[in-house]
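What follows is a short report on a single structure.
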Amino acid sequence: MKRIFLTLIIASSFIACDDKDDTASVSRITNYPIITVLGDDPIYIEKGGEYVDPGAIAMEGENEIEYTTSSTGKYRGGSLDANVVDEYNVTYTATNKDGFDGSATRKVIVYKNGDLVNSIEGLYKCTISRNGVIPSNAYRDIEYIYIWKNDDGTYGISDAFGGWYEYGRALGLAYITPGGIINAVDIATNSFTFPGNPLSNDGFGGVANITDVNVDAATKKIVLTCTWAAPTAYTFVATLTQVQP
């Protein structure tokens, strides 16, 4: 358990030769809030299902204290909504009597898997290559890339670079390539258009374009190609494998 020691030392002084104030040393201990998340982490919810928060326990020393809960969608923003596909962070925060905060988080994944015949929605692991280079382990089986269906019938993807920088290079969310839109003209014949082009990487900039999507319903795989006009021209090929949590 983390503790913070606050110490105040009061210097002694002599008022008269017969009257002396003893040196006083006053110490106080503050117990930093420790939060334990209850239940599963992550929690998977199929789109349209119900999320029941298992909650958490916040302790200040030996005493249980109150906490607050907040949530935000990683790729699409907004608070947790079981009708909106995204990866959500649920944060539990408590404050001790001295004003020190403690927090803990839980991941909640809202997903919907299409049959890859009528819909390409899904929760996908991704193996991503760049300029044809066979990727190292950091670029294999990335969890997760999300494809969701928009209200107008098109599809959105969480990162058109398949997690190359966010996960492979471990640069995080600030280096995704968002905004990719895929229009399925005919999934069976792999006929797609990409009205979201051009795109840009949030961290590095540049101009990117999704150029091809190829679906294999039998193997539950999608191969997505995205080109990038950066200081060096790159072509990213993401092999997405749909997974059932």
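Could you name every one of the strands (runs of 3 or more DSSP E) located completely within region 94-168 that has at least 2 residues being acidic (Asp, Glu) and open to solvent by less than 70 Å² (accessible area, probe 1.4 Å)?
Those strands (runs of 3 or more DSSP E) do not exist here; none qualify.
Could you look through region 169-178, keep only residues that are touching a strand residue (DSSP E or B) at 6+ places or on another chain (Cβ under 9 Å) and assigned to a loop (DSSP other than H, G, I, E, B), and pick out the one that is surrounded by the most Cβ atoms within 10 Å (Cβ to Cβ)?
Among those that are touching a strand residue (DSSP E or B) at 6+ places or on another chain (Cβ under 9 Å) and assigned to a loop (DSSP other than H, G, I, E, B), it is Thr177.
Given the conditions (1) modelled with pLDDT under 95; (2) closer than 23 Å to Ser136 by Cβ, report the number of the one that Lys221 does not fulfil.
Against the list (1) modelled with pLDDT under 95; (2) closer than 23 Å to Ser136 by Cβ, Lys221 comes up short only on (1).
Does Phe192 count as over 29 Å from Tyr44 (Cα atoms), modelled with pLDDT of 95 or more and not aliphatic (A, V, I, L, M)?
The answer is yes for Phe192.
Need pairs with beta-carbon distance below 9 Å; first residue without any contact (Cβ under 8 Å) to a residue 24 or more places away in the chain and closer than 14 Å to Ser136 by Cβ and within region 152-178, second buried (at least 22 other Cβ atoms within 10 Å of the Cβ) and of a type in the set (S, T, N, Q); sequence gap 6+ or separate chains.
No pair meets every condition.
Just one of (1) buried (at least 17 other Cβ atoms within 10 Å of the Cβ); (2) not in a strand (DSSP E or B) trips up Met59, so point out which.
The number of the failed condition is (2).
Can you tell me which residue within region 179-191, out of those that are in contact (Cβ under 8 Å) with a residue 60 or more places away in the chain and not β-branched (Val, Ile, Thr), is surrounded by the fewest Cβ atoms within 10 Å (Cβ to Cβ)?
So the residue we want is Ala188.
For region 11-56, enumerate the residues that are open to solvent by 80 Å² or more (accessible area, probe 1.4 Å), at pLDDT 95 or above and either under 19 Å from Asp101 (Cβ atoms) or part of a strand (DSSP E or B) (or both).
Passing the criteria: Tyr44, Glu46.
Within the set of pairs 6 or more residues apart or between chains, which connect a residue that is closer than 13 Å to Lys221 by Cβ and in contact (Cβ under 8 Å) with a residue 12 or more places away in the chain inside region 124-147 to a residue that is outside any strand (DSSP E or B) and small (Gly, Ala, Ser) with Cβ atoms less than 7 Å apart?
Note: pairs meeting the criteria are Cys126/Gly162; Cys126/Gly163; Ile145/Ser158; Ile145/Gly162; Ile145/Gly163.
Among the listed residues Thr225, Thr219, Thr211, Thr239, identify the single one that is assigned to a strand (DSSP E or B), on the phi < 0 side of the Ramachandran plot and open to solvent by 50 Å² or more (accessible area, probe 1.4 Å).
One residue alone meets the criteria, Thr211.
Which condition does Thr72 not pass, out of (1) open to solvent by 40 Å² or more (accessible area, probe 1.4 Å); (2) farther than 25 Å from Thr177 by Cβ; (3) β-branched (Val, Ile, Thr), if it passes all the others?
It fails just one condition, (2).
Can you tell me which residues in region 223-237 are over 23 Å from the mean Cα position of the chain (by Cα) and not β-branched (Val, Ile, Thr)?
Across region 223-237, the qualifying residues are Trp228, Ala229, Ala230, Pro231, Ala233, Tyr234.
For residues that are surrounded by 18 or more Cβ atoms within 10 Å (Cβ to Cβ) and not aromatic (Phe, Trp, Tyr), scanning just region 75-90, find the one that is farthest from Ile109 (Cα to Cα).
It comes out as Arg76.
Answer yes or no as to whether Arg140 is charged (D, E, K, R) and more than 28 Å from Ile45 (Cα to Cα).
So Arg140 fails the test.
Search region 192-206 for residues being open to solvent by less than 40 Å² (accessible area, probe 1.4 Å) and not in a loop (DSSP other than H, G, I, E, B), and hand back the single one that is farthest from Thr225 (Cα to Cα).
Among those residues, the one meeting the criterion is Gly205.
The values are calculated or read from the model by the stated rules, or taken from the named source; none is laboratory data. Owing to the predicted nature of the structure, the values given are computational and were not obtained by experimental measurement. All Cβ positions, even for glycine, are placed from backbone atoms using ideal geometry, and neighbour counts span all protein chains on display. Calculation scope for accessible area: heavy atoms of the full protein, side chains included, ligands and nucleic acids excluded. Shrake-Rupley method; radii C 1.70, N 1.55, O 1.52, S 1.80 Å.
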